[in-house]
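A short write-up of the structure that comes next.
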Amino acid sequence: MTGKSFFELVEIRTKLASLFPFLIAVLFTNTYFHSFHWGKTLFFFLGMLAFDMATTAINNYMDFRKAHSEEYKYQENVIGKDQLSERTVVMIIFGLIGFAAIVGLTLAVQTGWLLLVMGCACCFIGVFYTFGPIPLSRMPLGEVFSGVTMGLGIFAITIYLNTYDQKLFFMELDLKHFAVTGSTTAALAVIWASLPLIATIANIMLANNLCDLEQDIANHRYTLPFYLGKKNAVLLFNLLMYSCYAAIVIGWVAGIYQWPILLVFVSLVKIYPQTKIFTQEQIKSKTFAMSIKNLVTFNGSYALGLAATLFWQFIR
């Protein structure tokens, strides 16, 4: 297997979807909780990236095995197109998952049981998103699972790793009892700050399913746009995108953010025309990239607003 085939198998170009929740969580934990453990954070990043690549490889492998279209199987899917050995693909998947498991267990020993629970929940969804008799991605719930797992899961785990010593979120466990305790205010702040990430990540899945609607039906994949109808699914795409700005404003008013976060509204200059282009037509080769550009543009400005907040806190 060549490096090019490997990167296409794991779709390295799509990893921005997991990078932004991580980056924004690092900035948010510094601006809101004023806490940062760089060693554990970097170690988690490597495990997170490995698991993300594994789930994408599983997705491509299962699509190859279950494809009803010969054209898709041997001309579009990287495994058939590049004539990759299925055994090699499976070994790569297990290797990546194994490394991610070692990272997760090591960090759980260092920081507490709650990390293990959150990590297992994310891993369960990640694996069964494309694996099993009825993968989650083949159901009208793919957008929810991908958005929440990556947008909230990665975000919350990164924050936990940087605040575990403050016990803002903590789980006690022994042979006789267990208890989960924490700060309600902190938990609500984390959930609210993750909403734009959930929405922009879900929108990539929604855009992908809109573009692949006919192909998915041919392969017996019935995703959310199939049930909503194309018109309503496009409307949902717009609603999710623009709700990100509402979440920022409400969060600022509630005290979750400080005034530099309003820099995020500069992104509207790009977001509006990009969203309009996708609304007009949903073609994989022409307009799907708009959903990725929206994610990069909005979350890039989100990160910029948090970085500006951190700088403002430092100098005042």
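The values are calculated or read from the model by the stated rules, or taken from the named source; none is laboratory data. It should be emphasised that the depicted structure is a prediction, and the values quoted were computed from it without experimental measurement. Every residue, glycine among them, receives a Cβ derived from its backbone with ideal geometry; neighbour counts consider all protein chains shown. Quick note on the areas: whole protein, heavy atoms, side chains included, nothing else; ligands and nucleic acids left out. Shrake-Rupley method; radii C 1.70, N 1.55, O 1.52, S 1.80 Å.
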Open item on the list: Once R0 is set to 51 Å, what does the formula 1/(1 + (r/R0)^6) return for the Cβ-Cβ distance between Ser85 and Asp174, expressed as a FRET efficiency to the nearest 0.05?
Closed with: 0.65
Task: Rg in Å to one decimal, and Dmax rounded to a whole Å, for the chain via C-alpha atoms - done: 20.0, 63
Open item on the list: Taking 30 Å as R0, compute the FRET efficiency from the Cβ-Cβ separation of Thr184 and Leu262 and round it to 0.05.
Closed with: 0.70
Task: Set Lys15/Lys73; Lys40/Lys81; Lys15/Lys276; Lys4/Lys66; Lys81/Lys293; Lys15/Lys40 screened for pairs whose C-alpha atoms are more than 30 Å apart - done: Lys40/Lys81
Task: FRET efficiency, 1/(1 + (r/R0)^6) with R0 41 Å, evaluated for Asn238 and Ser69 via beta carbons - done: 0.85
Task: Size of electric dipole in region 139-227: Cβ of Lys, Arg +1 and of Asp, Glu -1, about Cα centre, debye, nearest 20 - done: 200 debye
- [ ] Using a cut-off of under 18 Å, list every residue of region 152-184 whose amide N is near the label point 7 Å from the Cα of Ile191 along the Cα-to-beta-carbon line.
- [x] 152-160, 168-171, 180-184
Open item on the list: From the protein chains alone at 1.4 Å, what is the descending order of accessible area for Glu214, Glu172, largest first?
Closed with: Glu214, Glu172
Task: Accessible surface, the chain, averaged per residue in Å² (probe 1.4 Å) - done: 49 Å²
Task: Straight-distance crosslink candidates among lysines, where the alpha carbon sits under 26 Å from Lys176 and sequence neighbours closer than 8 are dropped - done: Lys167
Open item on the list: Placing +1 on the Cβ of each Lys and Arg and -1 on the Cβ of each Asp and Glu in the chain, which of Met171, Ile201, Leu239 has its Cα farthest towards the positive end of the resulting dipole?
Closed with: Leu239
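Could you give the size of the charge dipole of region 212-316 about its Cα centre, using +1 on the Cβ of each K and R and -1 on the Cβ of each D and E, expressed in debye and rounded to the nearest 20?
160 debye
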Task: Listed peptides 189-200, 235-246, 155-166 by packing density, highest first (mean Cβ within 10 Å) - done: 189-200, 155-166, 235-246
